[in-house]
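Structure first, then comments.
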Amino acid sequence: MTSSNRIYLDYNASAPLRNEARAAMMSTLDIIGNPSSVHTFGRKARCIIEEARESVATLVGVKPANVFFTSGATEANNWFFRGGWETALVSSIEHDSVLEPIKRSRINIKHILTSSAGVAQVEELSEMLLSRNGCNLPMCASLQMANNETGAIQPVAKLASFCRYYGIAMHSDAAQAAGRVKIKLDELGVDTLSLSSHKIGGPSGVGALVIRDGFDLPALMLGGGQEHRKRSGTENVIGIAGFGAAANSAVRDLKEVSRFRLMRDRIEHNIKSITPEAVIIASDADRLVNTSCISLPGKSAETLLIKLDLKGFAVSSGAACSSGKVNSSHVLSAMGLTSDIIRGAIRISVGWNSSEAEISSLAEVWSKLFS
Ligand code: PMP
């Protein structure tokens with residue numbers, strides 16, 4: 001996406017707003033009424049929410065009643081850990097919105113190790129799970145569908161089948177996978193799934209927790225009883241309308257993921273030809289088609305980002321934290337990468353509005369800056 005000659009290649013941080021989402025929100029701005037009101041105004045607002053719920057449900061292959069709107073994937077991830085668990089089994093490469101709520105609770109944490117390719121090693125769990133046989137304390141597991149920094153796709157269905165066998169509740173953070181990988185909740189076999197609107201070209205500040213039929217999770221917010229009494233609070237009608245429209249577009253885009261793969265592969269090919277010392281991180285894993293995590297060992301990611309930004313390119317360090325500072329990445333560390341590879345790692349991610357021309361411009365600038 002170009003905005004005053006700037007090129008945006010940071011879709012995993014936040015995708016630009018899709019035209020369909022903008023239009024849906026614009027047409028909702030003047031809707032008067034609380035969606036819980038029974039008069040015509042209220043019913044109109046309710047209708048917008050329920051249409052969006054259908055669209056989001058289609059994105060992950062569930063019924064609309066399984067979708068509970070939240071303020072984003074962070075809230076959805078936090079919600080799952082309010083389930084009264086005694087122990088949580090989590091990969092070490094989860095997003096902080098999974099790791100932090102566990103760390104700050106009384107839940108015991110057991111880490112699933114990560115391979116050097118960036119994939120959670122769920123096979124190694126069988127012994128630990130066997131030793132749990134007969135234990136009745138509530139246990140849960142959480143494994144993201146795809147990693148936000150490397151794009152590595154995780155063996156969620158495999159872990160879910162272990163979890164079902166051992167009676168462990170399972171959650172998956174699908175914030176990065178939605179719209180890039182086909183998702184069917186039933187096929188994955190998880191109990192809950194979190195989604196984020198701004199990763200698929202909707203507005204930020206809205207997302208969902210998808211809960212399978214019959215899975216009992218306590219309400220997150222108590223009050224007026226919205227979202228089937230699970231998440232009280234007057235709904236964000238405008239945001240939800242945008243999320244629904246973005247979900248429709250994301251479903252359509254699933255048919256053209258090969259376009260994203262081509263762009264991603266060209267980026268990597270160009271960078272390797274210009275700077276042969278570049279390391280493509282997680283290249284041995286099955287990865288999201290839009291994501292590339294590349295390191296120039298010995299360089300600092302912060303310097304690379306600033307140099308690229310000065311030339312008009314927005315990419316990110318996999319480890320950018322909310323303050324914008326670059327921290328050491330817990331994901332790349334868990335993969336056992338050397339510190340000079342970690343220090344020099346940046347993430348380039350494309351999406352619905354990226355073009356071949358942008359990829360060519362990046363190659364030209366890369367060559368000027370780093371060859
Ligand atoms: N999980 C993952 C994997 C993410 O990449 C992000 C966003 N960086 C989140 C959760 C949080 O999503 P949100 O911004 O909607 O709270």
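Hey, can you tell me all the residues within segment 125-160 that are free of Cβ contacts under 8 Å to residues at least 40 places away in the same chain and farther than 17 Å from MET170 by Cβ?
Matches in segment 125-160: GLU127, LEU130, SER131, ASN133, GLY134, ASN136.
Can you pull out every residue in segment 131-157 that is farther than 22 Å from LEU254 by Cβ and in contact with an Asp or Glu (Cβ under 8 Å, 6 or more places away or on another chain)?
Residues of segment 131-157 that are farther than 22 Å from LEU254 by Cβ, as a first pass: 131-142, 149.
Those that are farther than 22 Å from LEU254 by Cβ and in contact with an Asp or Glu (Cβ under 8 Å, 6 or more places away or on another chain): LEU137, PRO138, MET139, SER142.
Would you confirm whether any residue within segment 251-258 is within 30 Å of ILE341 (Cβ to Cβ) and away from the ligand (no atom under 16 Å from the Cβ)?
Residues of segment 251-258 within 30 Å of ILE341 (Cβ to Cβ): 257-258.
Checking which are away from the ligand (no atom under 16 Å from the Cβ) leaves us with 257-258.
Looking for residues that are within 30 Å of ILE341 (Cβ to Cβ) and away from the ligand (no atom under 16 Å from the Cβ), one finds at least one in segment 251-258, hence yes.
What number of residues within segment 267-286 are under 22 Å from the mean Cα position of the chain (by Cα) and among the small types (Gly, Ala, Ser)?
3
How many residues, within segment 202-221, are in contact with a Leu (Cβ under 7 Å, 6 or more places away or on another chain), within 13 Å of the ligand (Cβ to nearest atom) and part of a loop (DSSP other than H, G, I, E, B)?
1
Could you tell me whether VAL67 is of a type in the set (A, V, I, L, M), touching a Leu at 6+ places or on another chain (Cβ under 6 Å), modelled with pLDDT of 95 or more and in the same structural domain as VAL98 (by TED's automatic domain parsing)?
Details: of a type in the set (A, V, I, L, M): yes; touching a Leu at 6+ places or on another chain (Cβ under 6 Å): no; modelled with pLDDT of 95 or more: yes; in the same structural domain as VAL98 (by TED's automatic domain parsing): yes.
No, not satisfied.
Applying the selection to segment 215-260, what residues are among the β-branched types (Val, Ile, Thr) and over 20 Å from GLU75 (Cβ atoms)? Reasoning before the result, please.
Here is the first cut: in segment 215-260, the residues among the β-branched types (Val, Ile, Thr) are 234, 237-238, 240, 251, 257.
If the condition is that a residue be among the β-branched types (Val, Ile, Thr) and over 20 Å from GLU75 (Cβ atoms), then VAL251, VAL257 are the ones that fit.
Taking VAL62, is it away from the ligand (no atom under 16 Å from the Cβ), out of contact with any Phe, Trp or Tyr (no Cβ under 6 Å at 6 or more places or on another chain) and without any contact (Cβ under 8 Å) to a residue 40 or more places away in the chain?
Working: away from the ligand (no atom under 16 Å from the Cβ): yes; out of contact with any Phe, Trp or Tyr (no Cβ under 6 Å at 6 or more places or on another chain): yes; without any contact (Cβ under 8 Å) to a residue 40 or more places away in the chain: no.
For VAL62, the condition - away from the ligand (no atom under 16 Å from the Cβ), out of contact with any Phe, Trp or Tyr (no Cβ under 6 Å at 6 or more places or on another chain) and without any contact (Cβ under 8 Å) to a residue 40 or more places away in the chain - is not met.
Going through segment 272-314 one residue at a time, which ones are more than 15 Å from PHE370 (Cβ to Cβ) and out of contact with any helix residue (DSSP H, G or I) (no Cβ under 9 Å at 6 or more places or on another chain)?
Residues satisfying the conditions are ALA282, ASP284, ALA285, ASP286.
So, of the residues in segment 3-41 that are touching a residue at least 40 places away in the same chain (Cβ under 8 Å) and assigned to a helix (DSSP H, G or I), which turns out to be farthest from the ligand (Cβ to nearest atom)?
Initial filter on segment 3-41 (touching a residue at least 40 places away in the same chain (Cβ under 8 Å)): 5-18, 20-25, 27-29, 31, 34-36.
Among the residues that remain, those that are also assigned to a helix (DSSP H, G or I) are: 20-25.
On the way: GLU20: 19, ALA21: 14, ARG22: 18, ALA23: 22, ALA24: 18, MET25: 17 Å.
The selected residue is ALA23.
Residue check, HIS198 against (1) in the same structural domain as ALA177 (by TED's automatic domain parsing); (2) not in a helix (DSSP H, G or I), all met but one. Which one?
(2)
Of everything in segment 175-219 that's touching a His at 6+ places or on another chain (Cβ under 8 Å) and polar (S, T, N, Q), which residue is surrounded by the most Cβ atoms within 10 Å (Cβ to Cβ)?
So the residue we want is SER194.
Can you pull out every residue in segment 104-126 that is under 30 Å from THR338 (Cβ atoms) and away from the ligand (no atom under 16 Å from the Cβ)?
ILE109, LYS110, HIS111, LEU113, SER115, SER116, ALA117, GLN121, VAL122, GLU123, GLU124, LEU125
Take segment 156-187 and flag every residue that is part of a helix (DSSP H, G or I) and either under 13 Å from the mean Cα position of the chain (by Cα) or within 13 Å of the ligand (Cβ to nearest atom) (or both). Let's see the steps before the verdict.
Just the residues of segment 156-187 that are part of a helix (DSSP H, G or I), to begin with: 156-166, 185-187.
Selection gives VAL156 alone.
Here is a check on your reading of the model: is GLY224 in a loop (DSSP other than H, G, I, E, B), surrounded by fewer than 24 Cβ atoms within 10 Å (Cβ to Cβ) and either within 14 Å of the ligand (Cβ to nearest atom) or without any contact (Cβ under 8 Å) to a residue 12 or more places away in the chain (or both)?
Numbers: in a loop (DSSP other than H, G, I, E, B): yes; surrounded by fewer than 24 Cβ atoms within 10 Å (Cβ to Cβ): yes; either within 14 Å of the ligand (Cβ to nearest atom) or without any contact (Cβ under 8 Å) to a residue 12 or more places away in the chain (or both): no.
When the stated conditions are applied, GLY224 does not pass them.
Which residue is surrounded by the most Cβ atoms within 10 Å (Cβ to Cβ), if the candidates are limited to segment 84-101 and must be away from the ligand (no atom under 12 Å from the Cβ) and in contact (Cβ under 8 Å) with a residue 60 or more places away in the chain?
That would be LEU89.
State whether the residues of segment 141-157 include one that is more than 24 Å from GLY336 (Cβ to Cβ) and assigned by TED's automatic domain parsing to the domain that holds PRO218.
Residues of segment 141-157 more than 24 Å from GLY336 (Cβ to Cβ): 157.
The next check asks that each one be assigned by TED's automatic domain parsing to the domain that holds PRO218; those that pass are 157.
The answer is yes, given that some residue of segment 141-157 is more than 24 Å from GLY336 (Cβ to Cβ) and assigned by TED's automatic domain parsing to the domain that holds PRO218.
In the list ILE107, ILE102, ILE48, which residue meets the criterion of being in the same structural domain as ASP186 (by TED's automatic domain parsing), in contact with an Asp or Glu (Cβ under 8 Å, 6 or more places away or on another chain) and aliphatic (A, V, I, L, M)?
Working: ILE102 fails: in contact with an Asp or Glu (Cβ under 8 Å, 6 or more places away or on another chain); ILE48 fails: in contact with an Asp or Glu (Cβ under 8 Å, 6 or more places away or on another chain).
Sole residue among the options that is in the same structural domain as ASP186 (by TED's automatic domain parsing), in contact with an Asp or Glu (Cβ under 8 Å, 6 or more places away or on another chain) and aliphatic (A, V, I, L, M): ILE107.
The values are calculated or read from the model by the stated rules, or taken from the named source; none is laboratory data. Source: prediction; values computed, not measured. With ideal geometry, Cβ positions are generated from the backbone for all residues, glycine too; neighbour counts draw on all protein chains shown.
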